[in-house]
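Colleague: Got a structure for you, written out below as structure tokens; questions coming shortly.
The values are calculated or read from the model by the stated rules, or taken from the named source; none is laboratory data. Every value quoted in this text rests on a predicted model; they were computed, and no experiment measured them. Every residue, glycine among them, receives a Cβ derived from its backbone with ideal geometry; neighbour counts consider all protein chains shown.
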Amino acid sequence: MMTNCSYQRRWILHSLLSASILLPSLSFSRSVAAVPLQPKVLVLSCIDYRFFENEQIFLNDKNLAHQYDWTALAGASLALSGFPHSEDATAFWDQLAISEKLHHIKKVIIIDHQDCGAYAQKIDTNLSKNPEQEKQIHRQYLSQAYQEILTRYPQLEIELYFATLAGEFIEIFPN
């Protein structure tokens with residue numbers, strides 16, 4: 001049975017996720033109806049504000065401007081493991097199902113990043129001090145997310161990336 005607190009948390013997560021999908025694609029100088037492109041991709045990234053601008057540039061460089069739904073959860077791929085709460089994973093799966101059903105997306109892109117506070121909280125507060133170990137742990141969680149998505153949605157393509165503080169986006173291949 002879901003407690004009132006759990007219900008409220010899930011309602012808040014759904015509200016925030018809905019906003020996180022809509023806000024990046026809204027332009028206040030033109031109406032939403034003026035954007036004629038159909039989303040092709042669901043992007044999952046972390047909530048860390050330091051990376052949003054570079055992520056948008058990266059996605060635009062991949063010719064995806066105005067063609068993606070965007071969901072942000074602390075830790076990105078880590079959220080699929082149920083951290084910090086199982087509701088985070090549930091919220092992602094709900095968003096993926098909606099994006100696939102309504103927008104007929106063909107791909108999921110997950111972007112983890114260097115110096116992630118969620119990873120530091122779960123794994124090791126000094127994780128970012130060892131870049132190779134940090135990248136390897138992200139690869140493990142990204143690979144796990146890849147397998148889970150592939151199991152549920154075998155028709156979707158999946159791309160995994162690790163964003164650095166220097167603005168690089170390194171493609172990660174699953175284990």
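Colleague: Which of the following residues is assigned to a helix (DSSP H, G or I), of a type outside the set (Lys, Arg), closer than 10 Å to residue 77 by Cβ and at pLDDT 95 or above: 142, 150?
Modeller: 142
Colleague: For residue 35, all conditions in the list (1) over 11 Å from the mean Cα position of the chain (by Cα); (2) modelled with pLDDT of 95 or more hold save one; what is the number of the exception?
Modeller: (2)
Colleague: A follow-up question, please. When segment 68-95 is examined, which residues are found to be touching a residue at least 24 places away in the same chain (Cβ under 8 Å) and either among the acidic types (Asp, Glu) or surrounded by fewer than 19 Cβ atoms within 10 Å (Cβ to Cβ) (or both)?
Modeller: 69, 81, 84, 85, 87, 88, 90, 93, 94
Colleague: For segment 75-91, enumerate the residues that are on the phi < 0 side of the Ramachandran plot and touching a Leu at 6+ places or on another chain (Cβ under 6 Å).
Modeller: Those that are on the phi < 0 side of the Ramachandran plot and touching a Leu at 6+ places or on another chain (Cβ under 6 Å): 77, 79, 87, 88, 89, 91.
Colleague: How about segment 113-134: which of its residues are of a type in the set (D, E, K, R), surrounded by fewer than 21 Cβ atoms within 10 Å (Cβ to Cβ) and touching a Ser or Thr at 6+ places or on another chain (Cβ under 9 Å)?
Modeller: Of everything in segment 113-134, those that are of a type in the set (D, E, K, R), surrounded by fewer than 21 Cβ atoms within 10 Å (Cβ to Cβ) and touching a Ser or Thr at 6+ places or on another chain (Cβ under 9 Å) turn out to be 115, 122.
Colleague: List, please: which pairs have Cβ atoms under 7 Å, are six or more places apart or on different chains, and start with a residue in segment 157-175 that is closer than 11 Å to residue 58 by Cα and modelled with pLDDT of 95 or more and end with one that is assigned to a strand (DSSP E or B) and of a type in the set (D, E, K, R)?
Modeller: 161/171
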